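Laboratory data are not the source of any read-out in this text; all were calculated from the coordinates shown. What you see is a predicted model, and the numbers here were worked out from it, not measured in a lab. In this analysis, Cβ positions are derived from the backbone assuming ideal geometry, glycine residues included, and neighbour counts consider all displayed protein chains.
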Amino acid sequence: MMNIENIDIKEFRQKMLDLRATGMDFLREMVGMDWNEEGLGVIYILENSATHEGKEVAVRTANRENPQVPTMSDIWQVAEIYEREVYDFFGIEFTGHPDMRRLFLRNDWIGFPLRKDYDASEAINPVRLESETNEEIHREYDIAEEKQLAELVEKMKILHYDQFVINIGPQHPATHGVLRFRLSLEGEVVRKVDIHCGYIHRGIEKMCESRTYPQTLAFTDRLDYLSAHQNRHALCMCIEKAMGLEVTDRVQYIRTIMDELQRIDSHLLMFSCMAMDMGAITSFIYGFREREKILDIMEEVTGGRLIQNYNIIGGVQADITPDFAAKVKEFCNDQKQRLKEYYDVFVNNVILRNRTIGVGVLSREDAISFGATGGTGRASGWACDVRKRHPYALYDKVDFKEILHKGGDCYDRLLVRLEEIVESIRIIEQLIDNIPEGDYKTKTKPIIKLPEGQFSASVEGSRGEFGVFIESHGDKTPYRVKFRPTGLPLIAVAQKIMKKHKVADLITIGASLDYVIPDIDR
Amino acid sequence: MIDFSSINSTIDSYLHSVLPAQVATLVECAIIAVCAIVAYLAFAIVMIFMERKVCAAFQCRLGPTRVGFWGLLQVFADVFKMLIKEIIDIKNSDWALYTLAPFLVIMSSIITFSCLPFDNGLQVLDFNIGVFFIMAASSFGVLGILLAGWSSNNKFAMIGAIRSGGQMISYELSMSLCILTLVVLSGTMQVSEIVEMQRGGWFIIRGHIPAVIAFIIYLIAGNAETNRAPFDLPEAESELTAGFHTEYSGMGFGFFYVAEFMNMFIIAGIASTLFLGGWTPFYIPGLEGFNEAMEWIPGFVWFLGKTLFVVWLLMWVRWTFPRLRIDQVLVLEWKYLVPIGLLNLLIMTVCVVMGWTL
Amino acid sequence: MEMKKPVIKSIPYEEFKDNETLEALIAEINKERTNVIVGKLDDLINWGRSNSLWSLTFATSCCGIEFMSVGAARYDFARFGFEVTRNSPRQADLIMCAGTITHKMAPVLKRLYDQMAEPKYVVAVGGCAISGGPFKDSYHVLNGIDKIMPVDVYIPGCPPRPEAILYGMMQLQRKVKVEKFLGGKNRHQKPGEMHDGPIIVTNHPIKKEDEQ
């Protein structure tokens, strides 16, 4: 149950500035809300990156026609992209925001889908097969003087006509899915990046609102399919916390081990994809070779290779197999040997070092301001691991090191991932022999109702903090579910650090940030 | 060893005896052209198949196995498919240049190919400035690539073409320097003479240190010339989708595809001709019996063996290394390879003048 | 000359499912008689095409990762001649539509399809590409790519296992083998499916009375 402080919209900006001054430098989440009669609003979940204290505040506006909230994008850099998301879903305009466009949906989309009164009928928004036009001008809401308008419009153009603009994506081998960059180039040097998301926006949050709690679980695996276990763990944990349900020790062990296996899986894929993006195809295959072994183990236990649907409310779907421990141990021993191979063939390669060291540097302050958690943040020296900050499951009982690097460049981001594989193996090795006997699931009622209130939980996903926010009004379906995407802050980061690099570096930076698009778009 | 020049002269004199001189020359030209193109295609198919199998072996895979025995017919299937694939007309493209570009690339490649000495006398073009001609012929391929990128009306293709222009013209320089180093050592530019001189010992051994340096630089530059990883920036799959040939479909793309592989073969062929003795066998001075046995292996087997070995080296590099960035490619060339190459040329000259060669 | 049933090396004919569809296609082709030479040439062309299916690298979500697995060492689709994945639609023979297609992506997919050179094939991989899958009732998901382009093979699963993808590719190989390039209809496309202007697609089937 969260304790959310409501702030009046008039003094909202000042209050937020004060909060920032007290050290609340990490804007974890921004949840747009539609409270029907009580109007629209936004919930901000803040955290102090030094003391890990949290603070939740909310702001409301009763005006449904033209709701406006002051922007926070100059206080927390990540707010710029979060606010675009809220605008896209709820139509809340953020005054003073530098780039108020839709983020996910087409710019000719009618209506704001996450509002409760949204009409999803086909007649209003059919599947359009004509290409989307590019909006060339930001919308701005506090232009004072009309005579300055022409001048301002010129200044606010996203990309100018006289620039060499190329599109990378949405169908492009190196965008890891369907992401679109519009680049303005000067020779090979990138002058400006304009990122378009939403090509795989499936409206999961809206769909959750019409599903019962156990049904919502199915979507989490499909958000970031490379941290399927962690995502589902987060949602289960949140619901269990709200219900006051305690899971058995055995479940905690299984969940922790599976989370770590999934993390190794994801990091291997990151290594592979980075190798492929940089043209080293053999290393790509090497990464996949080991990844198949994890998938074998997962398949045996859960029945699925990629989408496992393993965690359920109160436990896990099925008990582990008898030879699970032996297989995992065999894999761990093998993987330690294989890592050396990766270093030999790819990581220590002189070309790779030249291509990545000093490229795409993200400072620690920026990492926090952007909320770039996970390997990206840790490569910049920000100790942002949820497993250490707010230990859950068994992470306070196991001994592992939080990998931190100082450089914040692409090479460090790659190293963090590879070193985290070693740490994950250490965690698994500490747990695998001690899995206690017990039930693998606690019986729950078929229809689960959460008490009224807001709940949240977060886990360390494969590529950052994955958070779940649920507002319940006591029904069998949630009133609002919000997933904190691990990738959205990374996209904001990419937009910043890709500038002034070459096109080739853009691909490297994208690969090293390691985002998964379905997780960004939801 | 068989001397193919005697066979050639027999055919030549026969044709002259039955046909008037000009017609005979014309017929000879036609025969040679057909032979060269058939050989070119045959080697292209061998190269593509070899690439598939070699890369599969490096990547713990099997490569093609289903089409024909051991996948031997795989490349034929690809060729049939590509031949009948639709060729798309691109809107707003420069039609003439767009159509011409693949032919330029493949022409440059075939002409260079016909300068390779496969065996004693088995060579299409052999004259006193052979090496010079090879360099000239191989370098107009870049024109085709530039035109392809320019005429496609595609920004990716354009960037790819410009990259390729910068890269290939630069690397031509150090390739030529390496070849010059060897010309200094051999004292002739005629390809057949260069090979003949290596009967006494391959140039890579006779030219010792400077020749080895030249060989290494040559391989690097040659790799860059053929646009293969780590220098595959003009295509750069993950950056520019398919680089300069993004808009080409069907056989237009097929020409680029084949030319890429054959350029690699040609680079390797030149390397084996200049450095590894071409079709001359491997001799160990003093071991007469061994040398005698080596004589029994036909010259073209030696040539192909050496060439495919160099090709294999290039493939090994191609599948292992990540790609360079355009500025790094140029820095490598202008700040390292060219100065080293020039210095190396100087060393070689000194060695030759002082008689310090083996 | 009669067209015979398509046999491929990997799996015996009888063990494939849905042979009826293929047999219907063969029967239709066999209705028109063909010259022996042309028929043989057609066989050769079909052999070439079916053994060299280069796919476009197109993936939107989870299924794409499985598609990558198919290309990697354990499953290795290079064995069957699907070796090369091309990134440019001009050079690809088939589009493996792996993943959910949303409203925003639909025009892009359609455009990619139009950019491909004939002959082109479409494989719908996974529940989402086939019907919208778990996101069927979402406001932003296209319920099946067959609404905007003709589909040759459907590979169900969420995501399909690599074996399933390989099986689907083999089915496509067989389908390619029962085509007639010379003197016959190459593909059957319904009118309207290939027209250029903007067409409006609805997720729900058009009711009978609307048509009248």
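Each of A:ASP221, A:ASP514 has some number of other Cβ atoms within 10 Å of its Cβ, and from fewest to most they run A:ASP221, A:ASP514.
Would you mind giving the mean number of other chain beta-carbons within 10 Å of the Cβ of each residue in C:55-68, as a whole number?
Mean shielding by partner chains, rounded to a whole number: 6.
Local charge for C:SER52 was computed over the other residues whose Cβ lies under 9 Å away, with Lys and Arg +1 and Asp and Glu -1, and equals -1. Here the stretch C:16-186 has an Rg and Dmax of 16.4, 54 Å, counting Cα atoms alone. The tail of the calculated P(r) for the stretch A:313-463 beyond 27 Å holds 40 percent of all Cα-Cα pairs. Projecting the alpha carbon convex hull of the stretch A:300-350 along each direction and taking the average yields 5.2 nm². Residues of the stretch A:272-295 with an amide N closer than 18 Å to a point placed 7 Å from the Cα of A:GLN337 along the Cα-to-Cβ direction: A:286-294.
Loop-only check: which GluC sites (Glu not before Pro) in the stretch A:232-328 are DSSP coil with at most 14 other Cβ within 10 angstrom? Passing both the DSSP loop test and the Cβ count: A:GLU246.
Using every Cα-Cα pair within chain A, state what percent have a distance larger than 42 Å. Within chain A, distances greater than 42 Å cover 17 percent of Cα pairs.
Given a Förster distance of 25 Å, report the FRET efficiency between A:GLU11 and A:HIS52 from their Cβ-Cβ distance, rounded to the nearest 0.05. Result of the calculation: an efficiency of 0.40. Among DSSP bridges having both ends in the stretch C:16-186, what percentage is antiparallel? Round to the nearest 5. Expressed as a percentage, antiparallel bridges in the stretch C:16-186 total about 5. Here the alpha carbons of the stretch B:86-354 define both size measures, Rg and Dmax, at 19.4, 68 Å. Under the combined filter of DSSP loop state and at most 10 neighbouring Cβ atoms within 10 Å, the stretch A:34-134 retains these GluC sites (Glu not before Pro): A:GLU65. Which of these, B:PRO117, B:PRO285, B:PRO102, has the largest mean-square fluctuation under a Gaussian network model of chain B (Cα springs below 10 Å)? Answer for the Gaussian network model of chain B: B:PRO285. Ordering B:SER272, C:GLY168, A:PRO436 by the projection of their Cα atoms onto the charge dipole of the protein assembly as shown, which places +1 on the Cβ of Lys and Arg and -1 on the Cβ of Asp and Glu, puts C:GLY168 at the extreme positive end. FRET efficiency for the B:SER13 to B:ILE169 pair, using the beta carbon distance and R₀ = 30 Å, is estimated at 0.10.
Exposure proxy for A:VAL345, B:VAL142, C:VAL153: other Cβ atoms within 10 Å of each Cβ, ordered fewest to most, give A:VAL345, C:VAL153, B:VAL142.
Please report the equivalent ellipsoid semi-axes of the stretch B:1-139, computed as sqrt(5 x eigenvalue) of the Cα gyration tensor, largest first, in whole Å.
Output for the stretch B:1-139: semi-axes of 33, 24, 17 Å.
Remark: mean inter-chain Cβ contacts per residue of C:137-150 equal 4, using a 10 Å Cβ-Cβ cutoff to other protein chain atoms.
Residue order for A:HIS52, C:HIS140, A:HIS172, fewest other beta carbons within 10 angstrom first, comes to A:HIS52, A:HIS172, C:HIS140. Only alpha carbons enter this Debye calculation for the stretch C:92-174, each as an equal point scatterer, and the log10 of I(q)/I(0) it gives at q = 0.21, 0.26 Å⁻¹ is -0.93, -1.27.
Across all directions, the shadow cast by the convex hull of the stretch C:1-94 built on its C-alpha atoms averages 7.9 square nanometres. Dipole magnitude for the stretch C:16-186: about 260 debye, using +1 per Lys or Arg Cβ and -1 per Asp or Glu Cβ, origin at the Cα centre. Among the listed pairs B:LYS53/C:LYS177; A:LYS406/A:LYS500; A:LYS116/A:LYS443; C:LYS110/C:LYS180, a Cα-Cα separation exceeding 30 Å is found for A:LYS116/A:LYS443. Size estimate for the protein assembly as shown follows the Kirkwood approach: the inverse of mean 1/r over distinct Cα pairs works out to 31.8 Å.
The charge dipole of chain B, taken about the Cα centre with unit charges on the Cβ atoms of Lys, Arg (+1) and Asp, Glu (-1), comes to about 900 debye, rounded to the nearest 20. The magnitude of the dipole of the protein assembly as shown, with charges of +1 and -1 set on the Cβ of Lys/Arg and Asp/Glu and taken from the Cα centre, is near 800 debye. Among the DSSP beta bridges whose two residues both lie in chain A, what percent are antiparallel, rounded to the nearest 5? Bridges in chain A that DSSP calls antiparallel: roughly 85 percent. For the listed residue pairs A:LYS293/C:LYS5; C:LYS9/C:LYS31; A:LYS340/A:LYS482; A:LYS293/A:LYS502; A:LYS206/A:LYS445; A:LYS192/B:LYS81, the alpha carbons are over 31 angstrom apart in A:LYS293/C:LYS5; A:LYS340/A:LYS482; A:LYS293/A:LYS502; A:LYS192/B:LYS81.
When you count the other C-beta atoms within 10 angstrom of each residue and take the mean per peptide, A:17-24, A:480-487 line up highest first as A:480-487, A:17-24.
Label separation (B:VAL301 vs A:LYS476): 8.2 nm, computed from points 7 Å beyond Cα along the C-beta direction. Residue-normalised convex hull volume from the C-alpha trace of the stretch A:254-332: 83 Å³ per residue. Helical runs (DSSP H, four residues minimum) scored at -39500 (n - 2.57) apiece and divided by the length of the protein assembly as shown put the mean residue ellipticity at 222 nm at -15000 deg cm²/dmol.
Annotation: peptides C:28-37, C:69-78, B:46-55, ranked by per-residue average of other Cβ atoms within 10 Å with the highest first, follow the order C:69-78, B:46-55, C:28-37.
All C-alpha pair distances within the stretch B:250-301, sorted into 5 Å bins from zero, spread as 5, 18, 16, 16, 13, 10, 8, 6, 4, 3, 1, 0 percent across the bins.
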